[in-house]
Structure formats: structure tokens, C-alpha cells
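Trainee: Please read through the structure below; I'll follow up with questions.
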Amino acid sequence: MPTDIAAPRAPRFKPLNFAFLRRKATPGDEGDSRVWALMLVPSLIVFVVLLVASLGLFIEGSLHRDLGYGRTGTEWEISNYLRVFTDSFYLKCLWITVKVSAMATIGTMLLAFPVAYVIARLRSRWAMLLLAGIVASTFITIVIKVFGLMILFASNGFMNRTLLALGIVGEPVVLLGSEGGVVVGLMQFTLGFAVLLLYSVVQTIPRSYEEAAQALGANRLRVARRVLLPLCLPGISVGGLMIFNMCMGAFTSAALIGGGKVMTLPILIQRTIMMEVKYSMAATLAALLLFAVIAVNLLSIFLMRRMRAGRKVIA
Amino acid sequence: MPSILGNFLRLSAAAFAVATLAASPLSAQQRFDGVTLRVATFGGVWRDIMDKELSPKFAALGGKLEFITGSPQVNFAKLIAARGRPPFDVMEILDAQTGDFAKTDFLLPIDYSKIPNGQYLSDFQKQKMLIASWATQEGICYNVDKYKELGLPAPTTYKDLANPALVGKVMIPDINSGGGLAGFGAMAYAAGGDEKNVAPGVELIKSLKTLKFWAQGDQVVLSFQSGDIVAAVAHTGWCLRTFKQGQPVAAVHPTINAKTTGVSKDGWLGVIKGTPNEAAATWFLNQYVDADYQLTFSIVGGVVPVNTKAIQRMGEDPVFAKMMQLKPEQMAQQLHIDYTKVNIPEWVDQWNRMVVK
């Protein structure tokens, strides 16, 4: 019967149900679930010790006054937070960080998606070679990548000589010491990760969907806009958020390409620790960065849900 | 009797031999078997010269030198973060930090009786907790050919770098860098301010329209080579290294005011309290101010030695004589920032705000 073919397949594993932890196990009952749940325990310990505890420590540290030379007061107070939220300097640093991260994320996703799509749809062995190349590039330390970029875009570097010779630019393109340069550096840092992420997203979409749309008369652009992108949107959104989070915390690109002229929060945190030796203020700035990242992520998830809900209503 | 006399003579000879050996310079040298002396210093050439010149000598005494690199500001932060467990035994300290060290309790007193090379230092260079190690001459390094192409005269002051023809072609040290505080202070002075009032310096820096603020001196060399910059505020050592790389650069000691030309930045060494290797650290200090090492170090690093014998010999070199101010009257004219009047976190804050504005 054709209906048998369309019937949903039973899940391979039973869904996790932690109720079993509260009752006695019976032979053959819930065995798989228990094993899977136990496997989560090491991750949970690592999560609690390395993430929750360390976050708790620095947030607690932010609630004290700096007394100079790394010493902090014992009283709990919110003076650092008051200063951060009432001083336009800190808010501007936050704005610069969000701005360059958002620009880099958009640029990275726009560049990464076509590459990921082409590799995912390639039927030749080149696909694996290209993918291996991208994976290998992500192993190269960011310092080397950034120095490469700086050499490439030096006034007498290859890019500028080529652009000048072709008459595309009248003066050498300067990346150093500009927000634009930092955006390019962040894109270089995250591009490989983005391609890998989007590759796995595109892989999950059956090629037959696009072929069916084309068979029904849609051109390539329409297929991309009406079939591919809507299906990839959750993956693109999650990938975009991951890239944004990476950019928000990125230090090396901003430090080396920004040349001390682009004051992102990670750079300010480093200076507050290394130059001013104000641990509480640095912890406050780190907390600000953390809360900003969480806020942007929650806002994005909220907007995605609203978009999805809106689409369902329209449907 | 003869046997008694013979024994006495033999014993006397043995005692004499032991006494002679004990008094000889060879046995006077201490052994540092198994000692690893950790030295906090700058990276790059600074570290390399020490490694090349001093590591073999220390190894010959059974020890090993280990270098913890970073700017002195960064190393001071490491010292604080270590909370009483010294991460290194000896540290290179900037004049800008002497006030910080005076307020804290990180250093051991220096035993000058074990530093014979200290006799070639001036008295002010031998302080209770700090011994002078070098001085740099912070100035302007510029590409002579590019200046000619642009039709500009050689710069004589920091303000000359604000020429519209140099927009985006100048680098100055970041406050984070080794020369950052000296550069910032010097520009404040040159613009009419002082240690307590750096606002004029902030305005001057804003007017420069710099390409970037350099964090490590080798960025100066690379940026001259890549053609990204035409001039930089840096110490003459970096100018010298750029010159050695084949770039047509010259050093200028900027006029600060009617009485002052050039800026001096002094380096010091200190032994960190709590070190288990105090004797080895003192040995290191003595070697550092040795005339031969000072000369080698100064020639390669482009710094001014503190050992008077080395200064004399360095002045005989035509390249150094041209790039540096080595005559006593010239050195006396240089600006020495009084860091006891400086609130460094306040300077850093003002710098950061300038960058964001």
C-alpha cells in the first residue's frame, strides 16, 4: 500500500524522559534513556564548573570597588555598573562592538552562503576537496591570517598594486586603523566557520525540492527566494547568531587591524586589566559584553519566532 | 722527624693549594646548577640579544635563563595577578612604573657589593630597589625620500606631523606599548601641557590623523617597509633597525620647548620579592650592566647604554653619533617626565576616550 511508504518512521531512540530517575528501573525498561541521560553528566559538570562558576565569579567580582593595583573592596556595590551605564564612553564602545560585529556577520553570511551552497550541491570530488580546504583554513591561527591580510593590503602590497594598476582605485585602500578594516578582519576570521555551518544547513534540504520548483516553472532566482532561503532561514539565523557571538568577543582582529583606533569592548577590557589593573571594572565590562550578547540572541530568537508565527498565520 | 716535617710540608702545600683555589676568580664564581632564572622583558630583539649573550654565560654556571615577554606594563599586570607567587625573578621596569613600584612591595633591595660593574654607573642609577639598565631616545623617525617627494622639510616638532600631506601616513605609539606613556607625556609637554595636564597633548594627537597606534616597535619597521607610513614617533632604536632594513630613514629629536630637545625614557631592572633565586638575579644584574654587554645590546637595540665605558665607545660609531644624542650636554637637554606626578590610570582613561571620540 502506498500509505505504508508515507507513514512516519518510528524514532530510533525514545525521547528523553527524566522521570525515570525518580522511579525504580525495571529490566528492559528505559535502558536507552538512562544511558543517554548519564552521558550528559560529564558535560553538565564541565558546564557548571567551567562556565557557570567562572561566570559567577567574574559577575561577583564586578560588584566591588577597585582600590588600585588589583585590589578590590569587600563591600558589594553597583557603582561600576552605574558608571558604565551613565558614561557615554562605555556605551559608545559597546555600540562600536555591536556595529562591527553586525556588519561582519552580514558580510560573512552573504559571502559564505553561495560558497556553502555550491559545495553542498557539487556532485564531483571537488566538493570534498573544497570542504577540506575550508576546514584546514580554520586551523590557521588568526594572528597569521591577520598579518597576511595586512601584508596583502599594505600600501605597496599585492592588492593595492593590482587595484591601482587596474585603475579601480585612485589611492591605496587602507585597512589599518579603521572600522572597515576590523570588519574585514572579523569576516576573515569567521568565514570558514560560516561556510561549514551553512554547508550542513544546505545539505539537509533535498535537492528534489529545487528541482520540483524548477519543473513547475520557477527560475533560479525564484527558487532561491521562495524555496531555498525559507527552508535555510532557521539555519542561517542560528549560524548568523553564532558568527555574531564570535565577532563580539573577538580580540585579535580588532587589536591588530584596528591598530588601537577601534575601541571594541574586548580591547577595552584588555586595557582595563593590563594598563589600569582594575579587575572589577574589567569584570563589569565583561558582564556588559555578556549581557549584550545574550540580549541580542534573545531578541533574535524572539523575532524569528514572531516571523515564523506570522508566516503560519498567512499560510 | 723527617717524616713529621714531610707531613707538615705536605699538609702546608695542600692547605696553600686549597686557599689559592678558593681565592681564584674561577672558584669565586658562583654555581647555579639547576637554577632557572625567569626574566620579564620585552620580546623581539631585546629578548634575542639577552638570549644570545647572557644565556650561554649562565648556562656555563649550570643555570638556564627563561624569558617572559611583554611590555613592562603587561608584566606588571602579571605580577599583580600572581598575588604573591612571583611569575618571574627579574623584571625590566620603565621609568613610568617606578612610582607604582614605590607604592607597592614587589621588589627586593639590591646588594651592590655583588655588582662590581655598578662602579661604571652614576649614583642616581643605583637606587635601593632599582638599577638602571638602558635609556631610549624617543623621537621622530621619518622617510627622507618620501619627505622630499612630498616637498616637506624634515620634521623638528611633533606638530610638524600634522601636515595635511601626512594624513594617514603617520604612526605614534599606543599607550599600551613600551614607549606609549613617554610618547603621550612628551606630546603633552610639546603642546604646552605637563604631567598633570595632558589635554593639550590629546588635542595634538587628534590633529595628527594617524594611520594607527603601534603596539610593538617592529610594527614601525614593517610599516616603513610596506610603505604604509612616512613618519613615526618611536625611539631611535626602531629608526636604526628600519635603517638597517634598507629604508632611507633618519631620526629627529623633537623640540619640546625653548630649553628641551629630545625625550629620554629610562629602563630599570628590579629583583622580585619572593624569588628563590636572588643570587642568580644579582648575577644577572651585574652582567646586564657590564660594558661589553651594554655596548652589544645598545648597538643591536639602538638604545643608550648606562655604563659610562660603553657610552664612550658608542659615541665613536658614526651612525649612532648621527642618530642619537650621546654628548652629555645633549643628554642634559632631554625631557625626563616626572612620573611621580602622573596618575597612569587617568592617562590611560584620557587616551581611551580620545580614541573613541
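The values are calculated or read from the model by the stated rules, or taken from the named source; none is laboratory data. No experiment lies behind these values; they were computed from the predicted model shown. FYI the Cβ positions are ideal-geometry reconstructions off the backbone, even for glycines, and counts take in every protein chain you see. These accessible areas exclude ligands, DNA and RNA; they are computed on the full protein's heavy atoms, side chains included. Shrake-Rupley method; radii C 1.70, N 1.55, O 1.52, S 1.80 Å.
Trainee: Please give the per residue accessible area of the protein assembly as shown, computed with a probe of 1.4 Å over protein heavy atoms only, in Å². Numbers along the way, then the final one.
Mentor: Working: 33870 Å² over 672 residues.
Using a 1.4 Å probe on heavy atoms only, each residue of the protein assembly as shown averages 50 Å².
Trainee: A further question on this structure: Quick one: putting +1 on the C-beta of Lys and Arg, -1 on the C-beta of Asp and Glu, what dipole do you get for the protein assembly as shown around its Cα centre, in Debye to the nearest 20?
Mentor: About 2660 debye.
Trainee: State, as an integer percentage, the relative contact order of the stretch B:40-171 based on alpha-carbon contacts under 8 Å between residues 6 or more apart.
Mentor: 17 percent
Trainee: Given B:LYS206/B:LYS265; A:LYS278/B:LYS103; B:LYS126/B:LYS322; B:LYS114/B:LYS322; B:LYS209/B:LYS341, which pairs have Cα atoms separated by over 26 Å?
Mentor: In this structure, B:LYS126/B:LYS322; B:LYS114/B:LYS322; B:LYS209/B:LYS341 exceed 26 Å between Cα atoms.
Trainee: Right, next: Looking at chain A, identify the longest residue range that excludes and avoids all chymotrypsin sites (Phe, Trp or Tyr not before Pro) in DSSP loops having at most 13 other Cβ atoms within 10 Å.
Mentor: Looking at chain A, A:77-315 is the longest stretch - no exposed chymotrypsin sites (Phe, Trp or Tyr not before Pro) with at most 13 other Cβ atoms within 10 Å.
Trainee: Which aspartates and glutamates does B:LYS159 reach when only Cα atoms under 13 Å apart count, and residues fewer than 8 places away in its own chain are ignored?
Mentor: B:GLU203
Trainee: At a Cα cut-off below 16 Å, give the aspartates and glutamates reachable from B:LYS52, other chains included and same-chain residues fewer than 8 away excluded.
Mentor: Leaving aside aspartates and glutamates fewer than 8 places away in the same chain, those within reach of B:LYS52 are B:GLU66, B:ASP290, B:ASP292.
Trainee: Right, something else. Around B:ASP218, what is the net charge, scoring Lys/Arg as +1 and Asp/Glu as -1 over all other residues with Cβ under 14 Å from its Cβ?
Mentor: That works out to +1.
Trainee: Using +1 at the C-beta of Lys and Arg and -1 at the C-beta of Asp and Glu, which of B:VAL221, B:GLY179, B:LEU204 has the Cα lying farthest in the positive direction of the dipole of the stretch B:152-228?
Mentor: Farthest towards the positive pole: B:LEU204.
Trainee: Work through the residues other than B:LEU61 whose Cβ is under 13 Å from its Cβ and net out their charges, Lys, Arg +1 and Asp, Glu -1.
Mentor: +2
Trainee: So how much accessible surface do A and B hide from each other in total, probe 1.4 Å, in square angstrom to the nearest 100?
Mentor: Roughly 2800 Å² of accessible surface disappears when A and B pair.
Trainee: A further question follows. Given a 1.4 angstrom probe, I'd like the percentage of the accessible area of the stretch A:25-153 that is carbon and sulfur, rounded to a whole number.
Mentor: Percent of accessible area from carbon and sulfur atoms in the stretch A:25-153: 77.
Trainee: What is the antiparallel percent of DSSP beta bridges lying wholly in the protein assembly as shown, to the nearest 5? Could you put the intermediate results ahead of the total?
Mentor: Details: 27 of 41 bridges.
Among the beta bridges of the protein assembly as shown, antiparallel pairing accounts for roughly 65 percent.
Trainee: Among the residues of the stretch A:277-295, which ones have their accessible area go down by 10 Å² or more when all the protein chains sit together, as opposed to their chain alone (1.4 Å probe)?
Mentor: A:VAL277, A:LYS278, A:TYR279
Trainee: In whole Hz and in residue order, list the ³J(HN,Hα) couplings for the stretch B:74-83 that follow from phi through the Karplus curve 6.51 cos²θ - 1.76 cosθ + 1.60, θ = phi - 60°; x for Gly and Pro.
Mentor: 5, 5, 5, 4, 5, 4, 5, 5, 6, 6
Trainee: Using modelled backbone amide H atoms (1.01 Å from N, in-plane), which distant-in-sequence or interchain residues come within less than 5 Å of B:ALA40's amide H?
Mentor: Answer set, sorted by chain and number: B:ILE68, B:ASP89, B:VAL90, B:MET91, B:GLU92.
Trainee: Here's something else I'd like to know. Tally Lys and Arg at +1 and Asp and Glu at -1 over the other residues with C-beta under 13 Å from the C-beta of B:SER133: what net charge comes out?
Mentor: Residues close to B:SER133 contribute a combined charge of -2.
Trainee: Can you tell me which of B:37-49, B:217-229 comes out highest on packing, and rank the rest after it, using the mean Cβ neighbours within 10 Å?
Mentor: Going from most to least packed, we get B:217-229, B:37-49.
Trainee: To continue, here is another question. Cross-link candidates for B:LYS146: which aspartates and glutamates have Cα within less than 13 Å, leaving aside residues fewer than 8 places away along the same chain?
Mentor: B:ASP228
Trainee: Mean-square fluctuation check for chain A, GNM, Cα pairs under 10 Å: which of A:LEU285, A:LEU91, A:LEU298 is largest?
Mentor: Judging by the Gaussian network model, the answer is A:LEU298.
Trainee: List, by residue number, every residue in the stretch B:341-357 with a reduction of 30 Å² or greater in accessible area between the chain on its own and the complete protein assembly, 1.4 Å probe.
Mentor: B:PRO345, B:VAL348, B:ASP349, B:ASN352, B:ARG353, B:VAL355, B:VAL356
Trainee: Which residues of the stretch A:248-262 show a drop of at least 40 Å² in accessible area when all protein chains are present, compared with their chain alone (probe radius 1.4 Å, heavy atoms only, ligands and nucleic acids excluded)?
Mentor: Residues of the stretch A:248-262 that lose at least 40 Å² of accessible area once the other chains are added: A:GLY259, A:LYS261.
Trainee: Let me ask something else. Would you calculate a helix-derived [θ] at 222 nm for chain A, using -39,500 (n - 2.57) for each DSSP H run of n ≥ 4 and dividing by the full residue count, to the nearest 500?
Mentor: -22500 deg cm²/dmol
Trainee: 222 nm [θ] for chain B, helices only, -39500 (n - 2.57) per DSSP H run of 4+, per residue, to 500?
Mentor: -12500 deg cm²/dmol
Trainee: Which residues' amide hydrogens lie under 5 Å from the amide hydrogen of B:LYS169, considering only partners 5 or more residues apart or on another chain, with H built in the peptide plane?
Mentor: B:LEU211
Trainee: Within chain B, what whole-number % of the accessible surface is contributed by carbon and sulfur, with the 1.4 Å probe and all protein chains included in the calculation?
Mentor: The C+S portion of the solvent-accessible surface of chain B is 57 percent.
Trainee: Cysteines of the protein assembly as shown lacking any other cysteine beta carbon under 4.7 Å?
Mentor: Flagged as lacking a Cys partner: A:CYS93, A:CYS232, A:CYS247.
Trainee: Then there's this: Filter the trypsin sites (Lys or Arg not before Pro) in the stretch B:156-206 to those in DSSP coil with at most 13 other Cβ atoms within 10 Å of their Cβ, and list the result. Intermediate values should be presented prior to the final figure.
Mentor: Details: sites: B:LYS159, B:LYS169, B:LYS196, B:LYS206; in loops: B:LYS169, B:LYS196.
Those that pass, being in a loop and sparsely packed, are B:LYS196.
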